[in-house]
Each structure stands twice: as structure tokens, then as C-alpha cells.
Amino acid sequence: MKRRWVIVAITSMALIGAGIFVRTERKNLQLAKDATACRIRAEQGDPASQFMLGSIYFHGKGVPKDSVEAVRWYRKSAEQGNAKGQYSLGYMYHEGYGLPQDYAEATRWWRKAAEQGDAKAQDGLGFAYNRGEGVAQDSSEAVRWYRKSAEQDYANAEYDLGYMYYYGYGVPQDRVEANRLFREAAAQGNEHAKRATGVNRVRVPAPAMSKIMLALRLLASVYFLVVFLKAWQRRRTRAKIVTGVAALLLMSSFVLDLFWYSYVGHLDSSAIFTALYFVRHFVGGVIVAMLLSIVAPRSAKVALVLAAAFFCAFIVFQIVHYELKQIAPTIRLFCFVGFPIGMSIPSAIFLWLDRKPSGRELNGKGDAAVPLTTR
């Protein structure tokens with residue numbers, strides 16, 4: 001009977017896998033057909049198709065991903081005056097995809113597209129003037145191009161223009177107008193605007209689970225604090241000191257999480273948001289290292305190796321998913337490097353203390369050596 005169920009389970013898994021494979025292959029075949037049809041039109045000189053073919057190569061849909069080939073087709077489209085092709089070619093120059101990075105050339109192509117009314121290019125040109133990339137830095141000119149793009153309801157430009165109003169860059173400071181623009185951008189899904197208006201609250205797996213973890217952290221901090229206070233009157237050891245520090249860190253972590261869940265949506269600065277996220281995980285890493293040293297006093301080397309492995313894993317993930325760097329969850333994942341960094345610091349200290357020679361050296365027979373000096 002048991003064997004029959006195993007056969008049924010294996011067969012079901014095989015059928016599901018085969019279905020996924022067939023569906024994927026069918027989708028890839030359709031993308032390849034679309035790419036071929038687009039290539040025929042692009043080779044006939046159609047600028048819109050040339051832009052589309054460049055995008056196909058850039059994203060690798062139906063063809064191998066190839067930034068150099070994407071640039072070639074974007075350029076053909078841009079040289080025929082296609083605004084989307086001009087913006088895309090400028091973007092490739094700005095980011096250095098498929099050719100050397102060149103801000104001046106990026107701005108030149110963005111200006112051509114912006115003057116045709118392309119909202120993305122107008123926002124890009126505003127960004128260039130705001131940062132002084134390829135052109136002289138000019139906040140007033142940045143506001144002018146941001147406004148042209150925002151008037152076309154482009155969410156990124158609405159947020160960028162709101163940012164300029166919020167801090168008074170290139171325009172008189174006007175927080176009311178800034179918040180209006182932030183709300184309009186947030187309604188279209190702009191993550192920065194959501195965070196600025198408090199719409200983009202921190203997403204947790206489940207509110208109930210978050211409350212349980214907060215309560216457990218508070219109880220753990222109280223427990224370690226009580227253990228530390230009871231042992232403080234007797235002889236002080238490293239384990240007792242570590243217990244006290246762990247109690248304080250757990251309490252700090254509890255306070256940080258309370259602030260995070262309650263007020264993070266109101267932070268209007270991505271720098272503050274990122275720093276807070278980093279600090280939370282940094283403190284968490286220190287706590288884990290402390291608790292490991294309490295449970296296993298000689299675990300410093302293992303903890304240090306684990307911290308290095310975590311750090312490398314996060315960095316590798318960022319390299320592999322470099323094109324996703326603007327997505328908020330990936331930014332949060334980047335902040336997770338605070339955890340291995342926090343974990344490595346106390347582990348390195350404990351490892352150094354474990355290797356530090358004690359006050360008495362051992363002689364060749366393994367007995368305590370006679371002090372080198374006498375009274």
C-alpha cells in the first residue's frame with residue numbers, strides 16, 4: 001500500500017514537471033516567433049520595430065540577452081527620430097550597458113526625446129540637471145523638465161517634482177504641493193512616494209506573527225536581564241557579562257522593531273529607511289553571536305565562518321540580480337548584510353579572547369610555570 005502511494009506521488013510530480021516544462025517551452029517558442037517577426041519589420045527600416053527589437057535583446061525575450069545588440073537597434077531607431085528609441089539609447093549611455101558610460105551623450109539623446117514630449121526622457125533630463133550629470137547642475141531647469149513629465153502623469157516625475165518642492169530645490173519650499181504630488185505618484189504605485197506618504201508600510205509575513213516575535217523578544221530580554229542581575233553579585237565571568245550585554249541588545253532590538261512597525265511608513269528619506277533597516281539586522285547579528293557564545297562558549301570560529309558565508313551569499317545575490325537594484329525588496333535584501341557584519345564583530349572579539357594567553361604559561365611538562373620574577 002505504501003509503495004503504491006509512493007508511485008502515485010512520483011507520477012504526479014513527474015506530470016506536474018512535464019506540464020511546467022511544456023508550458024515554458026511553448027512560451028519561449030512564441031517569444032522567438034515574435035522576435036523573428038519584429039526583426040523582419042526592423043530590417044525593413046521601421047523605427048518602432050527597431051526600438052521593440054532593441055528591447056527584446058535588452059530583456060532577452062525570445063533571444064539571448066545582448067546589450068550590445070540592443071544598443072545597435074536602439075541607435076537605428078533613435079537616428080530615425082523615434083522618441084522611445086532615443087530615450088532608450090540615452091539610458092544605455094547613462095548606465096553603461098553595451099557601450100562605455102557617457103553622461104553627456106545620454107543627456108543629448110534624452111533631450112532629443114524630451115523635446116518630442118517623451119515623459120520618461122523629460123524625467124531623465126530633469127534627473128541629469130538635478131545631479132549635474134552631462135550638464136551643469138541646475139535645480140530650476142530640473143524642475144522645469146520634471147514638471148513637463150509630471151503633467152503627463154508619469155509617476156516617477158511626480159515623485160521627483162514633489163521631492164524638489166519638499167526641500168525647496170529650484171522652487172520655493174511647499175510641503176503641501178509636495179505631499180499632493182507624492183500622493184498622486186503613490187496612487188500609481190511609485191514605491192518612494194508610498195514611503196513618503198506613509199502608504200508603503202513595512203510588509204511582514206503576518207501581523208500576528210510579528211506581535212508574537214516582539215513579545216518573545218521582550219520576554220527573552222527580561223529573562224537574560226534577571227539572570228545577569230542575580231549573578232552580578234558573585235564572581236564576574238565572561239559568560240555573565242555576555243548575558244548582560246545580550247539582555248541590553250535584546251531590549252534595544254525590541255525598541256527598534258516597535259519603531260519600525262509603528263513609524264517606518266512616515267519616513268520620507270530613503271537614506272534613513274535604509275539605515276534603520278541596516279541597524280535592525282546589525283543588532284540582530286550581534287544578538288545571535290552573543291547567544292551562540294552563551295550556548296557554546298567555543299563557537300566563535302564557527303560563528304565567524306557562518307557570518308562570512310552569509311555576507312558572501314548576499315553580495316553574490318546582489319551581483320546576480322544587479323538589474324533589480326531599484327526594486328524595494330531587493331534594497332531591503334541588500335540591507336541584510338548588516339546581519340553578518342553584526343554577527344562577525346563579537347565573534348572576532350571572542351575568538352581573540354580565546355586565543356589570548358592567560359596570566360600563567362605552561363612549561364614543557366604541561367604544569368604551570370614558575371613566575372619569572374620573585375619578590
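Look at region 48-61 and say how many of its residues are crowded, with 20+ Cβ neighbours inside 10 Å and more than 28 Å from the chain's Cα centre (by Cα).
Pass one, region 48-61, residues crowded, with 20+ Cβ neighbours inside 10 Å: 49-54, 56-58.
Now drop any that are not more than 28 Å from the chain's Cα centre (by Cα), which leaves 49-53.
Of the residues in region 48-61, 5 are crowded, with 20+ Cβ neighbours inside 10 Å and more than 28 Å from the chain's Cα centre (by Cα).
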Original post:
Given the residues L99, L125, L89, which is the only one that is in the same structural domain as N156 (by TED's automatic domain parsing), surrounded by fewer than 24 Cβ atoms within 10 Å (Cβ to Cβ) and in contact (Cβ under 8 Å) with a residue 12 or more places away in the chain?
Top reply: L99
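Which helices (runs of 4 or more DSSP H) does region 41-124 wholly contain that include 3 or more residues that are of a type in the set (K, R)? Step through it out loud before you land on a result.
Values: elements: 47-59, 67-79, 83-95, 103-114.
Qualifying helices (runs of 4 or more DSSP H): 67-79, 103-114.
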**OP:** Would you point out the residue of region 145-174, among those that are among the small types (G, A, S) and at positive phi, that is surrounded by the fewest Cβ atoms within 10 Å (Cβ to Cβ)?
**Re:** G168
**OP:** Filter region 128-162 down to residues that are in contact with a helix residue (DSSP H, G or I) (Cβ under 7 Å, 6 or more places away or on another chain), not basic (K, R) and not in a loop (DSSP other than H, G, I, E, B), then give me how many there are.
**Re:** 19
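Can you tell me which residue among V337, V316, V283 is modelled with pLDDT of 60 or more, surrounded by fewer than 17 Cβ atoms within 10 Å (Cβ to Cβ) and out of contact with any His (no Cβ under 7 Å at 6 or more places or on another chain)? Write out each step before concluding.
On the way: V337 fails: surrounded by fewer than 17 Cβ atoms within 10 Å (Cβ to Cβ); V283 fails: surrounded by fewer than 17 Cβ atoms within 10 Å (Cβ to Cβ).
Sole residue among the options that is modelled with pLDDT of 60 or more, surrounded by fewer than 17 Cβ atoms within 10 Å (Cβ to Cβ) and out of contact with any His (no Cβ under 7 Å at 6 or more places or on another chain): V316.
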Original post:
If you check A142, A136, which single one turns out to be crowded, with 20+ Cβ neighbours inside 10 Å and of a type in the set (A, V, I, L, M, F, W, C)?
Top reply: A142
**OP:** Count, please, the residues in region 88-103 that happen to be charged (D, E, K, R) and out of contact with any His (no Cβ under 9 Å at 6 or more places or on another chain).
**Re:** 1
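The values are calculated or read from the model by the stated rules, or taken from the named source; none is laboratory data. Note that the structure is predicted; figures quoted are calculated from it, not measured. Every residue, glycine as well, gets a Cβ built from its backbone with ideal geometry; the counts of neighbours run over all protein chains shown.
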